[in-house]
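Here's the structure we're looking at; comments come further down.
The values are calculated or read from the model by the stated rules, or taken from the named source; none is laboratory data. Here the structure is a predicted model, which means the values were calculated and not measured. In this analysis, Cβ positions are derived from the backbone assuming ideal geometry, glycine residues included, and neighbour counts consider all displayed protein chains.
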Amino acid sequence: MDALVGDILDPILSSPAFQLLKQLSILFFVVFTAALVFWTWRDAQRRGAMPWFWALVVLLFNLAGWAIYMVIRPPELKEDALERELEIRAREAELRHSPVCPACQNPVEPDYLICPTCMKKLKKPCISCERALKLDWGVCPYCKTKQ
Ligand SMILES: [Zn+2]
Ligand SMILES: [Zn+2]
């Protein structure tokens, strides 16, 4: 029986087609491992989770290492980080658009007459309606009174 199986298998195992298949599987395994290592490295980098360490783990343990990484990788997704970044940028833009004191750069309201932080004179009150006017305005735009 063994001899029969050997008779059938030996020509297959030593045939050029089988050798080629074996080499192709090795090549596939190498390419697959490289892709997996690269993917893990990039994913870990995106999440700020020791990319070189995880790439090495996947290189050594292959799918088992990758599975461990998938379980304990940081849960924050790229989309979440992007959303947070946009939020920060929006807040920065908001800060830029609100007026600041020209002397100390602290935020001030448009109708402040002096800066509450450094006491710099920012605006003057209209002599008639007492609204806040720019220091160089010669006439009040609200009540038309000359200053
Ligand atoms: Zn100030
Ligand atoms: Zn006025």
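Odds and ends about this structure:
- For segment 123-147, the set of residues classified as part of a loop (DSSP other than H, G, I, E, B) and more than 9 Å from ligand 2 (Cβ to nearest atom) consists of LEU135, ASP136, TRP137, GLY138, listed by residue number.
- Candidates PRO110, PRO102, PRO116, PRO75 - the one that is assigned to a loop (DSSP other than H, G, I, E, B) and within 16 Å of ligand 2 (Cβ to nearest atom): PRO110
- Any chance ASN62 is modelled with pLDDT of 80 or more and under 30 Å from PHE32 (Cβ atoms): yes
- Verdict on SER128 being within 16 Å of ligand 1 (Cβ to nearest atom), farther than 30 Å from VAL37 by Cα and of a type in the set (Ser, Thr, Tyr): no
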